[in-house]
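Below is one structure, written out as structure tokens; the observations come after it.
The values are calculated or read from the model by the stated rules, or taken from the named source; none is laboratory data. In this text the structure is predicted, and so the values were computed from the model without any measurement. Positions of Cβ are generated from backbone atoms using ideal geometry, with glycine treated the same way; all protein chains shown enter the neighbour counts.
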Amino acid sequence: MAEIGTGIIAFASAFAIGLSAIATAWAQATIGAAAMGVIAEKPEEASKLLVYIALPETIIILGFVVGLLLSFKIG
């Protein structure tokens with residue numbers, strides 16, 4: 001019975017990291033496309049837009065932390 005619980009926790013850990021990676025990629029693609037349009041019209045806004053492009057990285061960091069905490073629960 002312990003193997004079933006361990007497998008579910010491992011799957012949840014992989015699920016947390018995988019979904020957060022997909023969400024980060026989607027967010028960065030959307031923000032990056034919009035940022036390139038703004039930079040083409042207003043190049044002086046480029047430094048502000050770099051923050052917006054880097055912001056979704058926190059999603060994958062949080063997903064990694066959740067996955068790591070679940071992995072530590074396995075033992």
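Might you check whether a residue that is surrounded by 14 or more Cβ atoms within 10 Å (Cβ to Cβ), without any contact (Cβ under 8 Å) to a residue 40 or more places away in the chain and more than 12 Å from the chain's Cα centre (by Cα) occurs anywhere in segment 55-70? No. Within segment 6-18, residues that are in contact (Cβ under 8 Å) with a residue 12 or more places away in the chain reach partners that are in a helix (DSSP H, G or I) and of a type in the set (S, T, N, Q) with beta carbons closer than 6 Å, at six or more positions or on different chains, in the pairs Ser13/Ser71.
Residues that are aromatic (Phe, Trp, Tyr) number at least 2 in the following helices (runs of 4 or more DSSP H) confined to the chain: 2-41, 57-74. If the condition is being loosely packed, with under 11 Cβ neighbours inside 10 Å and either at pLDDT below 90 or in contact with a helix residue (DSSP H, G or I) (Cβ under 9 Å, 6 or more places away or on another chain) (or both), then segment 1-35 contributes Met1, Ala2, Glu3, Ile4.
Across segment 19-41, what is the number of residues that are without any contact (Cβ under 8 Å) to a residue 12 or more places away in the chain and touching an Asp or Glu at 6+ places or on another chain (Cβ under 8 Å)? Please lay out each step first, then the result.
The first filter runs over segment 19-41 and keeps only residues without any contact (Cβ under 8 Å) to a residue 12 or more places away in the chain, leaving 22, 25-26, 29-30, 33-34, 36-41.
Now drop any that are not touching an Asp or Glu at 6+ places or on another chain (Cβ under 8 Å), which leaves 38-39.
Summing the residues that are without any contact (Cβ under 8 Å) to a residue 12 or more places away in the chain and touching an Asp or Glu at 6+ places or on another chain (Cβ under 8 Å) in segment 19-41 gives 2.
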